[in-house]
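What follows draws every value from the coordinates through simple rules; no lab data is involved. No experiment lies behind these values; they were computed from the predicted model shown. Because the Cβ atoms are built from the backbone with ideal geometry, glycine has one as well, and the counts that use them run over all protein chains shown.
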Amino acid sequence: MDKIIIIDFGGQYTHLIGRKVREKGVYSEIVPYDMKIEEIDSNVKGIILSGGPYHVSEDSPKIDPRILDLGIPILGICYGHQLIAYMSGGKVGPSKKKEYGITYVNIINNNDILKGLSKKEKVWMSHSDSVFSLPDDYEVLAYSENCPIAAFKHKYKPIYGVQWHPEVYHTENGDVIFENFISICNCNRDWKIENLLDKMIEEVRNEVKNGKAIIALSGGIDSSTAAMIAAKAIGNRLVAVFVDHGFMREGEVESIKNTFKELNLIVIEAKDRFLEKIKGVSDPELKRKLIGEEFIRVFEEIAEKVGAEYLIQGTIYPDRIESGLRHSDKIKSHHNVAGIPSKIKFKKIIEPLRDLYKDEVRKIALKLGLPKEIVYRQPFPGPGLAVRIIGEVTKEKLEIIRKADKIVREEIEKSKIREKLWQYFAVLTDTKTTGVKGDERAYGYVVAIRCVESREAMTARFANIPYKLLERISTRITNEIPQVVRVVYDITHKPPATIEWE
Ligand code: XMP
């Protein structure tokens, strides 16, 4: 299959480049900048150099210079743009004025890579260095007020550079550049995620053969999808383990049991065990750590009993990249279920979703017939409601938060605003305040409501929820949960706050 590789210089948006290319039907892979030239096989039809935090210099990260002579089309973005210029003998240095955010570029030549763009384009810039001169065999295609060479092309080779970020949403016609580049690369657009399903099932079957595999189900989309794929491949020789730590939301455990009833599913009832483990603990990090450790212990016990040689994981592409591409075999430490057994030696860890982005996993999940409540489930932290109870977790507090969360979900899901939200949930604070209920003084908890809009959870905005809706939520919570006397709405963006409170 034709592919475009993205050489990663640690840019914040490298991922988005990968996704943009795939959205256009071309398979893409992100590779580290020190990859060997020999790894560029005949399927590679284009190379994109990402942005990055470095200043181009003798010591800064580079590509093998021979890559520029391969004849494969190359597009440099931001640092990549500067690097091509520098490695070809151009001059790069600090800009007089840095450009961050929305900028307008003037297009001198809207052919090739800039085909279809207007004379002035709204773009997203984020750079403190600029390209100041280029060798004679290059041509300047665009400039901005503070950047004399904002885009260029080689006169005789398919090599291009843009200083701005076509991959970010704020660049108005960023897609046009990817379209143009893909056309220049002459790629087959045959990347269709649905076609992959059979291949993934086949792969699991070939790996496990007559053996037995185990998977930890969290109720989230990744592990659920991986489990369905593995079950299709090896049937009952897959053991799916769901550890009920007691911090799930109302109805969730039943829904998981129901969805996966056809699978060889073991539900470990460990509510008391987890509650005991974090008894008296109010430090959020310690809480997370203890829950993570306990999870591993429970899973290890069951894995030993089951005696599976293979471990299936729902690791997806961004997880691997975050854990460092060079170590893609390393098991991620930030999985939803907070870790994986270290004591047990599996013959192999199989990650059928390892090359997929979240939206691609959703497509596969729908194809597998997973229910919409799992496919479109809002992100939910591995330690569950335990990190939405500030301070010590008790049975009573779990009951309160579960009811409050259910009310928030019910009300939001009835309203149109749902589509705009990344997450919507309740937090039980450890503050008690005075209220009045039925003419009597009441003293009870404060519940906070958190609703955020976000694209990737790296940043988030608190959502503009209609007052009427907030009022309904607040009234229901104080009416239906006797221990709560006050409801507040969290109006903090991320940063400076995080999405979850703990
Ligand atoms: P924060 O609170 O850091 O969260 O802004 C970013 C996103 O990650 C989710 N989250 C987790 N997801 N395991 C997960 O799989 C965890 O332990 C965990 N903690 C936070 C959070 O809900 C948000 O979407």
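Counting Lys and Arg as +1 and Asp and Glu as -1 over every other residue whose Cβ lies under 14 Å from the Cβ of residue 186, the net charge comes to 0.
The charge dipole of the chain, taken about its Cα centre with unit charges on the Cβ atoms of Lys, Arg (+1), Asp and Glu (-1) only, comes to about 860 debye. If you line up the long axis of helix 395-414 against the longest principal axis of the chain, both from Cα atoms, how many degrees apart are they, to the nearest 10? Taking the Cα atoms of the chain, the angle to 395-414 is about 50 degrees. Only DSSP H runs of four or more residues enter the estimate; each adds -39500 (n - 2.57), and after division by the residues of the chain the mean residue ellipticity at 222 nm equals -9000 deg cm²/dmol. Whole Å is fine, so just give me how far the alpha carbon centre of the stretch 446-481 lies from that of the stretch 107-136. About 42 Å separates the Cα centre of the stretch 446-481 from the one of the stretch 107-136.
Each Cα pair under 8 Å and six or more residues apart adds its sequence gap; the mean of these over the residue count of the stretch 388-489 is a relative contact order of 29 percent.
Excluding same-chain neighbours fewer than eight residues apart, the lysines reachable from residue 347 by a Cα-Cα span under 21 Å are 209, 212, 232, 305, 330, 332. Over the stretch 388-489, all Cα pairs binned in 5 Å intervals from 0 give whole-percent P(r) values of 2, 13, 24, 22, 18, 12, 6, 2, 1, 0, listed from short to long.
What would the Debye formula give as log10 I(q)/I(0) at q = 0.09, 0.11, 0.16 Å⁻¹ for the alpha-carbon point model of the stretch 193-375, no solvent? Reported log10 I(q)/I(0), two decimals: -0.30, -0.46, -1.00. Annotation: Cα Rg of the stretch 20-143 relative to the compact-globule expectation 2.2 N^0.38 Å equals 1.10. I need the Debye-formula profile for the chain: one equal scatterer per C-alpha, no solvent, reported as log10 I(q)/I(0) at q = 0.06, 0.10 1/Å, two decimals. Those come out to -0.35, -0.89, one per q.
Loop-resident GluC sites (Glu not before Pro) (DSSP state other than H, G, I, E or B) in the stretch 30-93 with no more than 14 further Cβ atoms inside 10 Å of their Cβ: 58. Ordering 184, 197, 42 by Cα displacement along the dipole of the chain toward the positive end leaves 197 in first place; charges were set at the Cβ atoms of Lys, Arg (+1) and Asp, Glu (-1). Per-residue Karplus couplings for the stretch 85-99, computed as 6.51 cos²θ - 1.76 cosθ + 1.60 with θ equal to phi - 60°, are listed in order as 4, 4, 6, 8, x, x, 10, 10, x, x, 6, 5, 10, 6, 10 Hz, Gly and Pro entered as x. Relative contact order for the stretch 193-375: 30 percent, from Cα pairs under 8 Å spaced at least 6 residues apart, divided by residue count. Beyond 23 Å in Cα-Cα separation lie the following of the pairs 257/406; 363/468; 3/358: 363/468. For the cross-link pairs 20/115; 261/345; 36/62, the ones whose C-alpha atoms lie over 21 Å apart are 261/345. Amide hydrogen proximity for residue 30: with H placed 1.01 Å from N in the peptide plane, the residues at 5 or more positions away or on another chain lying under 5 Å are 6. Compute the relative contact order of the chain as a whole-number percentage, counting only Cα pairs closer than 8 Å that sit 6 or more residues apart in sequence. About 10 percent, as a whole number. Helix 221-234 against the longest principal axis of the chain: what's the angle in degrees, Cα atoms only, rounded to the nearest 10? Once rounded, one gets 90 degrees. Summing charges over neighbours of residue 493, with a neighbour being any other residue whose Cβ is under 13 Å away from its Cβ, gives +1 when K and R count +1 and D and E count -1.
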